[in-house]
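Okay, structure first, notes after.
The values are calculated or read from the model by the stated rules, or taken from the named source; none is laboratory data. Because the structure is predicted, anything quoted here is derived from the model rather than measured. Glycine gets a Cβ as well: all are built from the backbone with ideal geometry, and neighbour counts include every protein chain shown.
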Amino acid sequence: MMVLEIVMIQMKNTDKKIAIISNHKPQSEEVCRALKQKLRQNNFILTSKNPDVVISVGGDGMLLSAFHKYEDQLDRVRFVGVHTGHLGFYTDYRDFEIDKLVDNLKLDTGAQVSYPILNVKIILGNGEVKTMRALNEATIKRTDRTMVVDLIINHVHFERFRGDGISVSTPTGSTAYNKSLGGAVLHPTIEALQVAEVASLNNRVYRTLGSSIIVPKKDKIELVPARSDQHTISIDNRTLNLKDVVRIEYQIDQHKIHFLASPSHTSFWNRVKDAFIGEADK
């Protein structure tokens, strides 16, 4: 039986600093205004600098934006999402549940649920190194021709890939782009990465494994492009167009993302069921 990693840190409301990030849709802005008012009435400190809790109002994209805004403070900040649209995978509260959120924050003792994230290191031909983090996945593609890269896992040359691209996802991101590529759904407490192919070429001349690969925490994944042309690299909701990519390294990051653990923190399997299956017809 798997046990969530939960850490308890005692904290008073008057000491708790909260940041709120919202998209610009009218419904989200209305929820944001109401939430700020209720938090102030309950003596919470609203600030964007060094918060203890970050609340994203909108959808999953907003939570990704919140994660990247505070990714240099992951050891001290906890996240919680308020959804104002369709079903959100990273959200524990709907737009009509802000009173419930405030009540849970008043009762909060600092409990957190922690999930692994992805560290991506991009080495360029001029010696420049770009290091980034992803909550969901990092994908590399070519837009003008077939991409050819060598896939190396734990220093073992695994295959030469030819196709549209390769996605490396976290367990949390296994239900995002990875799932649409035919990858497996992993519980987010499993510290592993998943490699999924994007439209690989498989014929009598070129062969790849053809299925997603689950890689344990201790193993490093490397992609080495066979050509030094331009590649498009997506890190969650950010996109880079880079020339002369020598190598990309993927590993489980030493930091994790921490979500606010409260009575409303939805079970991962309930999230999967609600997002992809729904209620069965009776």
Is it the case that some residue within segment 148-157 is assigned by TED's automatic domain parsing to the domain that holds Glu249, without any contact (Cβ under 8 Å) to a residue 60 or more places away in the chain, over 18 Å from the mean Cα position of the chain (by Cα) and at negative phi? yes
Which of the following residues is touching a helix residue (DSSP H, G or I) at 6+ places or on another chain (Cβ under 7 Å) and outside the structural domain of Arg76 (by TED's automatic domain parsing): Leu193, Leu186, Leu181? Leu186
Test of understanding: among Thr266, Thr170, Thr189, which residue is of a type in the set (S, T, N, Q) and either over 24 Å from Val82 (Cβ atoms) or at pLDDT 95 or above (or both)? Thr170
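Okay, residues lined up against (1) touching a residue at least 12 places away in the same chain (Cβ under 8 Å); (2) aromatic (Phe, Trp, Tyr); (3) in a strand (DSSP E or B); (4) surrounded by fewer than 19 Cβ atoms within 10 Å (Cβ to Cβ):
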site: Thr232; (1), (2), (3), (4): yes, no, yes, yes
site: Asn241; (1), (2), (3), (4): no, no, yes, yes
site: Ile248; (1), (2), (3), (4): yes, no, yes, no
site: Ile257; (1), (2), (3), (4): yes, no, yes, no
site: Val272; (1), (2), (3), (4): yes, no, no, yes
Quick test of your reading of the structure: Asn136 fulfils all but one of (1) assigned by TED's automatic domain parsing to the domain that holds Thr266; (2) surrounded by 17 or more Cβ atoms within 10 Å (Cβ to Cβ). Name the failing condition by number. (1)
If you check every pair at least six apart or on different chains, which have Cβ atoms under 9 Å apart with a residue in segment 113-124 that is at pLDDT 95 or above first and a residue that is among the aromatic types (Phe, Trp, Tyr) second? Ile117/Phe67; Leu118/Tyr250; Asn119/Tyr250; Val120/Tyr250; Lys121/Tyr250
Restricted to segment 40-89, and to residues that are among the small types (Gly, Ala, Ser) and crowded, with 21+ Cβ neighbours inside 10 Å, which residue is modelled with the lowest pLDDT? Gly88
State whether the residues of segment 114-125 include one that is outside any strand (DSSP E or B) and within 30 Å of Ala196 (Cα to Cα). yes
Among the listed residues Lys217, Lys141, which satisfies the condition of being touching a strand residue (DSSP E or B) at 6+ places or on another chain (Cβ under 7 Å) and loosely packed, with under 15 Cβ neighbours inside 10 Å? Lys217
